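K.L.:
The following block contains the structure, expressed as structure tokens.
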Amino acid sequence: MDIMFFHSVYGLRPAVEAAAERLRAAGHEVHVPDLFEGRTAETVEEGTELKEKIGKDELLRRAILAAAPYSERGLVYAGFSFGASVAQTLALGDERARGLLMLHGTSDIAPNATVDDLPVQLHVADPDPFESHDWLTSWYLQMRRIGADVEIYRYPGAGHLYTDPELPDWDETAAEETWTLALGFVESL
């Protein structure tokens, strides 16, 4: 399975490479584009500033260019937080998308988006400081309405980026459960 995995606003950090290695070890071809072109952030605020400085349109252009050589094969789009929103945007716009694996975040859904039973798996902290319960319910209902087959897993007490061992959000138990479910999801596609 080809997987396009996008990083969070922290940039291309070791946790993203470790996630890609987990997926590669399970036999998948994983592509990890660096949307920030070598820059990383130490804080969410610094990462958000970097993201805004580059600009939404440029980041989307970079993501599309990274995915284009592989999209004909039918990609699984995946990402952490901001990267999950990028993955969602691309998956909903790619009729050949095989699946969408979202860790730590979602994104707005274009009003005209439609998919044909796109498998989607979302893993989020509960509560998550960036995703309110009402937002998540609305997102789920919108995704179902456009034709996605959605699974949501919530991790009580975990921090936002709980799969990154280098951040204060790290939660080893939640991270291992997430990876067990995520690997099973990708295997099922």
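K.L.:
Take region 123-160 and flag every residue that is of a type in the set (Ser, Thr, Tyr) and over 14 Å from the mean Cα position of the chain (by Cα).
P.N.:
Here is the first cut: in region 123-160, the ones of a type in the set (Ser, Thr, Tyr) are 132, 137-138, 140, 153, 155.
Within region 123-160, Ser132, Thr137, Ser138, Tyr140, Tyr155 meet the criteria.
K.L.:
Considering only residues that are aromatic (Phe, Trp, Tyr) and within 21 Å of Glu49 (Cβ to Cβ), look in region 1-28 and name the one that is farthest from the chain's Cα centre (by Cα). Walk me through it before giving the result.
P.N.:
Here is the first cut: in region 1-28, the residues aromatic (Phe, Trp, Tyr) are 5-6, 10.
The next check asks that each one be within 21 Å of Glu49 (Cβ to Cβ); those that pass are 6, 10.
Details: Phe6: 6, Tyr10: 13 Å.
Among those that are aromatic (Phe, Trp, Tyr) and within 21 Å of Glu49 (Cβ to Cβ), it is Tyr10.
K.L.:
Quick one: which of Leu161, Leu141, Leu181, Leu103 is aliphatic (A, V, I, L, M), farther than 17 Å from Phe82 by Cα and in contact (Cβ under 8 Å) with a residue 40 or more places away in the chain? Explain how you work it out, then say what you get.
P.N.:
Values: Leu161 fails: farther than 17 Å from Phe82 by Cα; Leu141 fails: in contact (Cβ under 8 Å) with a residue 40 or more places away in the chain; Leu103 fails: farther than 17 Å from Phe82 by Cα.
Result of the check over Leu161, Leu141, Leu181, Leu103: Leu181.
K.L.:
Ok, one more. Out of region 121-138, which residues are at pLDDT below 95 and either among the small types (Gly, Ala, Ser) or not in a strand (DSSP E or B) (or both)?
P.N.:
If the condition is that a residue be at pLDDT below 95 and either among the small types (Gly, Ala, Ser) or not in a strand (DSSP E or B) (or both), then Pro127, Pro129, Phe130, Ser132, His133, Asp134, Trp135, Leu136, Thr137, Ser138 are the ones that fit.
K.L.:
May I ask you to verify whether Leu35 is more than 17 Å from Pro165 (Cβ to Cβ) and crowded, with 19+ Cβ neighbours inside 10 Å?
P.N.:
yes
K.L.:
Has region 64-75 got any residue that is modelled with pLDDT under 95, among the hydroxyl-bearing types (Ser, Thr, Tyr) and either closer than 23 Å to Tyr162 by Cα or in a helix (DSSP H, G or I) (or both)?
P.N.:
yes
K.L.:
Does region 151-170 contain any residue that is under 21 Å from Gly99 (Cα atoms), out of contact with any Phe, Trp or Tyr (no Cβ under 8 Å at 6 or more places or on another chain) and at pLDDT 95 or above?
P.N.:
yes
Each row is one residue, and each column tells you yes or no for (1) among the β-branched types (Val, Ile, Thr); (2) assigned to a helix (DSSP H, G or I); (3) modelled with pLDDT of 95 or more.
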{"site": "Ile3", "(1), (2), (3)": "yes, no, yes"}
{"site": "Val16", "(1), (2), (3)": "yes, yes, yes"}
{"site": "Glu21", "(1), (2), (3)": "no, yes, yes"}
{"site": "Val30", "(1), (2), (3)": "yes, no, yes"}
{"site": "Phe36", "(1), (2), (3)": "no, no, yes"}
{"site": "Arg39", "(1), (2), (3)": "no, no, yes"}
{"site": "Leu50", "(1), (2), (3)": "no, yes, yes"}
{"site": "Arg62", "(1), (2), (3)": "no, yes, yes"}
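K.L.:
Inspect region 108-118 for any residue being among the small types (Gly, Ala, Ser), surrounded by fewer than 24 Cβ atoms within 10 Å (Cβ to Cβ), outside any helix (DSSP H, G or I) and modelled with pLDDT of 95 or more and give the result as yes or no. Give the steps one after another, and end with the answer.
P.N.:
Going residue by residue through region 108-118, those that are among the small types (Gly, Ala, Ser) are 110, 113.
This time we only want the ones that are surrounded by fewer than 24 Cβ atoms within 10 Å (Cβ to Cβ), so: 110, 113.
Now narrow it down to the ones that are outside any helix (DSSP H, G or I): 110, 113.
Checking the rest, the ones that are also modelled with pLDDT of 95 or more come to none.
No - not one qualifying residue is present in region 108-118.
The values are calculated or read from the model by the stated rules, or taken from the named source; none is laboratory data. Given the structure is predicted, the values throughout are model-derived calculations rather than measurements. Quick reminder, even Gly has a Cβ in these numbers, built from the backbone with ideal geometry, and neighbours come from all protein chains shown.
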